[in-house]
1. If residue 49 satisfies every condition in (1) of a type in the set (Ser, Thr, Tyr); (2) surrounded by 22 or more Cβ atoms within 10 Å (Cβ to Cβ); (3) farther than 30 Å from residue 173 by Cβ but one, which is the exception?
2. Has segment 161-169 got any residue that is at pLDDT below 85, on the phi > 0 side of the Ramachandran plot and either outside any helix (DSSP H, G or I) or among the acidic types (Asp, Glu) (or both)?
3. Quick test for you: out of 99, 77, pick the one residue that is surrounded by fewer than 18 Cβ atoms within 10 Å (Cβ to Cβ), over 14 Å from the mean Cα position of the chain (by Cα) and touching a residue at least 40 places away in the same chain (Cβ under 8 Å).
4. For segment 8-32, what are the residues that are small (Gly, Ala, Ser), surrounded by 13 or more Cβ atoms within 10 Å (Cβ to Cβ) and either farther than 19 Å from residue 76 by Cα or out of contact with any Gly (no Cβ under 9 Å at 6 or more places or on another chain) (or both)?
5. Can you tell me which residues in segment 279-311 are under 21 Å from residue 114 (Cα atoms) and surrounded by fewer than 18 Cβ atoms within 10 Å (Cβ to Cβ)?
6. All but one of (1) surrounded by fewer than 20 Cβ atoms within 10 Å (Cβ to Cβ); (2) at pLDDT 85 or above hold for residue 35, so report the exception by its number.
7. Can you pull out every residue in segment 39-81 that is hydroxyl-bearing (Ser, Thr, Tyr), in contact with a Leu (Cβ under 9 Å, 6 or more places away or on another chain) and part of a helix (DSSP H, G or I)?
8. Name the residues in segment 175-209 that are buried (at least 16 other Cβ atoms within 10 Å of the Cβ), among the aromatic types (Phe, Trp, Tyr) and touching a residue at least 60 places away in the same chain (Cβ under 8 Å), would you?
Amino acid sequence: MSSNNNTSNTFAILQLQSGFQYAILVLGFILLIGGVLGNILNIIVFINTGNYKNSACSLYMFVRTFLDLNNLLVSVTTKILSAGFQINFTLTNRVWCKTRTAFADINALSTYTLICLQAIDAFICTSPSVVVRQKSNTRIARYLAIGTLCVWFIHELPYYFSQDLVVVRGTPMCITTNTIYAQYRSYVAVLGIATIIPITVISIFGFLTVRHMKTISVTRSLSSLTRQTISMALSQIFAVLVFNSPYAAWQIYIVVTVNVVKDTYRQTVEQLISSFTGTYVFGPFASSFYCYCLSKRFRNQLVISLKELVGCIHMNQVFPNTQRSGTHT
């Protein structure tokens, strides 16, 4: 009887692993291809229109685009290789083991910080107080963006010394060798800084911004650029809540059940769910372009930017000498 149960459990585990592996692979390719394409289009639109020079919120979005692109190319690519092709360079290269997660965390934490700054800036722009609205300017936004990158770079420096490639029972593992720092990353960095705090901040300021927007239509009007950036920021806030809430709930579950005795089947299921939510959480980095496209003005700017780009490429084509001379004549 016990052997039959073990066989059925093994078969169920294999089925789960196969199903989750396929789901993670499909999700990873969707996020990677769609996200990279979307972020490239974002860069084209922002550079062509130059809105980031006149709006603090647009500047945060512009900087975020490069961070999101880095995160997709590094983190999602490695997840696809690991889940779909069993290629994990962190288990074979010591330098990559030490730098990969730290580099990804710098990009991710900077992105979440800039999203929070977007939400705060949208709240400031819609404030009924003139003094408060004057706090939103690109000069302060540049300092905050640079400061964000510097803070999270310094924050990740201990990771380069605590993370290492070690062999445990004949199996290479890329782990944090410092127990105290490992607990800090689990309870503070991952659960607090990267999950709960961004969700809380953007939820509060997003709600306050919507309240301000309801009164603005009665008391005063906003410029078209301000309305565009606010609507783009609110749509991005919604995307973060959709993609990060399941990951936050799962991280809380892991912390709550850390001391619970679990059988092999439950451990396997939890590991697979953790891998899936770990891929799903990259949604905000891949969805910004599609959230921005909800704005009609952004769609128009996209069409104009692509037309100008195609026209520029056409004008820069190299023609034969005879054709050049004929045109000159």
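1. All conditions are met except number (2).
2. There is at least one residue in segment 161-169 that is at pLDDT below 85, on the phi > 0 side of the Ramachandran plot and either outside any helix (DSSP H, G or I) or among the acidic types (Asp, Glu) (or both).
3. That would be 99, the only listed residue that is surrounded by fewer than 18 Cβ atoms within 10 Å (Cβ to Cβ), over 14 Å from the mean Cα position of the chain (by Cα) and touching a residue at least 40 places away in the same chain (Cβ under 8 Å).
4. Within segment 8-32, 12, 23 qualify.
5. Correct list: 290, 293, 294.
6. Here residue 35 clears every test but (1).
7. Scanning segment 39-81 gives 52, 58, 60, 77.
8. 205, the sole residue that qualifies.
The values are calculated or read from the model by the stated rules, or taken from the named source; none is laboratory data. Worth saying up front: this structure is predicted, and the values here are computed from it rather than measured. Neighbour counts run over all protein chains shown; Cβ positions are idealised from the backbone, glycine included.
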